[in-house]
Amino acid sequence: MTQPQEAIWQQIYSGQWYQTQHPQLIAARDHAKRLCVQLNQLPVSEEAKRQVLLSQLLPNAAHIGIGSDFACDYGINIHAGDHVTMGNRVVILDAAPVSFGANVSIEDGVVIASLTHPLEAAKRKAGWQQAQSIEIGDDVVLSAGCTILPGVVIPAGTVIEPGKVVTR
């Protein structure tokens, strides 16, 4: 599993507040967004081409299936075990690592957000963010429309009900 080693990434991974407009982060987000656009333009039936793009976008998630309209911030911080499947319109904000165990099912419209913004408007306007990793165990189902927030650990075998917001 690869993770960037630059100082800004170490700042993020350690849970410190960081500037989202850092040049390395902008470049990494732009790269991921371009790959997401390419992926989303391919029909799901073109599995071989989609897998090539997925291997570039999600280098730490070798055995993953993704529906249409997928979006992520970086891709490099998404880690997945075997047999992870995602429905349509799944969004993963992966400033910090987001880890999936094996046999995880992510239904349509799920949002997984490893980052948060400060409560103070001036700090938000200045581009500050903070991130915490998310861990999702084996044999988990994230039902349609649920939201997983920073720092959450979901134990193996859990089913998150549709539309639920998981904060801890």
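Miscellaneous remarks
- Segment 54-92, residues that are of a type in the set (A, V, I, L, M), more than 19 Å from ALA131 (Cβ to Cβ) and surrounded by fewer than 20 Cβ atoms within 10 Å (Cβ to Cβ): ALA62
- Residues of segment 102-158 that are touching a Leu at 6+ places or on another chain (Cβ under 6 Å) and more than 24 Å from SER14 (Cβ to Cβ): ILE106, VAL110.
- Residues in segment 25-52 that are under 16 Å from ASN88 (Cβ atoms) and of a type in the set (S, T, N, Q) were compared, and the one that is surrounded by the fewest Cβ atoms within 10 Å (Cβ to Cβ) is SER45.
- Selected residue [of a type outside the set (Phe, Trp, Tyr), out of contact with any His (no Cβ under 7 Å at 6 or more places or on another chain) and open to solvent by less than 30 Å² (accessible area, probe 1.4 Å)] from ALA95, ALA144: ALA95
- Condition check for ALA122 on (1) within 14 Å of the chain's Cα centre (by Cα); (2) farther than 18 Å from ILE148 by Cβ: one failure, at (1).
The values are calculated or read from the model by the stated rules, or taken from the named source; none is laboratory data. This structure is a prediction, so every number in the text was calculated from the model and none was measured. With ideal geometry, Cβ positions are generated from the backbone for all residues, glycine too; neighbour counts draw on all protein chains shown. For the accessible areas, the whole protein counts, side chains as well, though only heavy atoms, and no ligand, DNA or RNA atoms are used. Shrake-Rupley method; radii C 1.70, N 1.55, O 1.52, S 1.80 Å.
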